[in-house]
1. What is the gain in length, in nm to one decimal, between H104 and D177 on full extension, counting 0.36 nm per residue of separation less the C-alpha to C-alpha distance?
2. Taking neighbour counts of Cβ atoms within 10 Å as a proxy for exposure, in what order, fewest first, do L100, L115 appear?
3. Can you figure out the FRET efficiency of F95 with T134, using R₀ = 35 Å and their beta-carbon distance, to the nearest 0.05?
4. Which chymotrypsin sites (Phe, Trp or Tyr not before Pro) in the stretch 60-145 pass both tests, a DSSP loop state and at most 16 other beta-carbon atoms within 10 Å?
5. For the residues T298, T148, T193, T186, what sequence is obtained by ranking on other C-beta atoms within 10 Å, fewest first?
6. Based on other C-beta atoms within 10 Å, arrange V150, V280 from fewest to most.
7. Which distance in nm do the two modelled labels at S147 and I288 give, with both placed 7 Å along the Cα-to-Cβ direction?
8. How big is D, in µm² s⁻¹, for the stretch 205-265 by Stokes-Einstein at 4 °C and 1.567 mPa s if Rh is the Kirkwood radius over C-alpha pairs?
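Nothing in this text is a laboratory measurement; each read-out follows from the coordinates by a stated rule. Since the model is a prediction, treat every value here as computed from it, not as a measurement. Using ideal geometry, Cβ is built from the backbone for each residue, glycine included, and neighbour counts are taken over all protein chains shown.
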Amino acid sequence: MTRSLWFHLPFLACLLLFSCFAFFSNVVLSVADFVLGIVTDFPSDRIYKLGRYIESSPVLFLPQVITAGLIHGVLFGVSRRKLNPLWLILAFALFPMLNLFVEHVWQRRLIFPLLYAPVFVIGMRLSWRQIEQTFGDATHRNIVRASTIVFWVILLVPGFYLPPLYDGIAGWKFEVDPDSFAIEGTRIVFDDTSRAWFRPSFFHPITQTGRATNSISRRDPAYYRSNSFACFLQQLYAKAYPSAKEGLLPTQWRLGSFAYPPHSYDTILDASRYKPPEMVAGYEYVRIEFVEGTRRETSLDYWQFERGSC
């Protein structure tokens with residue numbers, strides 16, 4: 001009974017979180033507003049803006065519980081040898097379905113490790129047992145144990161890494177004909193007419209190159225064409241500039257080259273190109289083509305940045 005209980009505890013925690021997201025977020029925000037109103041002068045409107053990142057639609061509560069329950073049931077059945085291990089295929093197939101029902105990324109990063117925690121505990125025990133049986137030398141055992149711990153923690157904890165060990169997809173490569181290719185991207189235009197690439201990592205380190213701009217232009221074309229988008233880019237650049245002027249990406253401000261690598265390869269080759277945010281005149285989206293050694297540049301979009309308008 002005790003062994004079964006510890007297996008079910010993470011799932012019960014998931015149910016509690018689903019309930020809080022769907023039904024009790026307003027209560028939590030009201031309490032936070034009351035407490036912070038007494039202790040600090042934290043504005044109420046900012047507290048309730050945070051609510052958009054906490055609350056979840058009550059309509060999603062039942063699909064969340066059903067999908068998570070099916071995943072948990074399969075994992076429990078396989079762990080107790082009541083189900084064939086092939087049932088794990090169903091559990092992993094339900095994983096992206098549950099992803100659809102959990103609205104916020106931070107909630108997924110909290111729910112999924114809880115849901116799969118028992119599997120990782122079992123996997124860790126099996127790994128430990130196999131290490132004991134395979135490696136007779138204590139030094140070798142300790143090395144493999146340390147590597148195993150890093151492996152399981154990387155799998156379980158979203159965003160965890162221990163330099164220089166990273167999770168991710170290995171083996172991808174991008175082949176380009178050096179005499180004939182085309183690139184597109186956003187550039188910063190400074191008031192001395194110089195230009196510098198707006199690096200993909202200025203958006204977010206896990207953003208694939210071009211995805212942020214394409215997503216915004218498709219979902220909200222009016223915003224993409226407006227001065228508000230220039231303000232958005234300016235805010236991102238102002239935040240990235242302290243690192244960029246040193247030749248570092250925003251994610252490298254503390255660990256440097258040991259920092260977790262971005263989703264798409266990214267680097268700053270010439271830090272001198274990045275001028276202070278006060279010198280920004282605008283932003284442009286360009287396409288540059290090289291055809292048989294001939295360079296051709298086309299400006300596809302331009303956003304004039306007006307100081308004081310943001």
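1. 22.3 nm
2. By the 10 Å Cβ count, ascending, the order reads L100, L115.
3. For F95 and T134, the calculated efficiency is 0.70.
4. Answer in residue order: F135.
5. The order, fewest Cβ neighbours first, is T193, T298, T148, T186.
6. Fewest-to-most Cβ neighbours within 10 Å comes out as V150, V280.
7. Inter-label distance under the simple model: 4.2 nm.
8. 99
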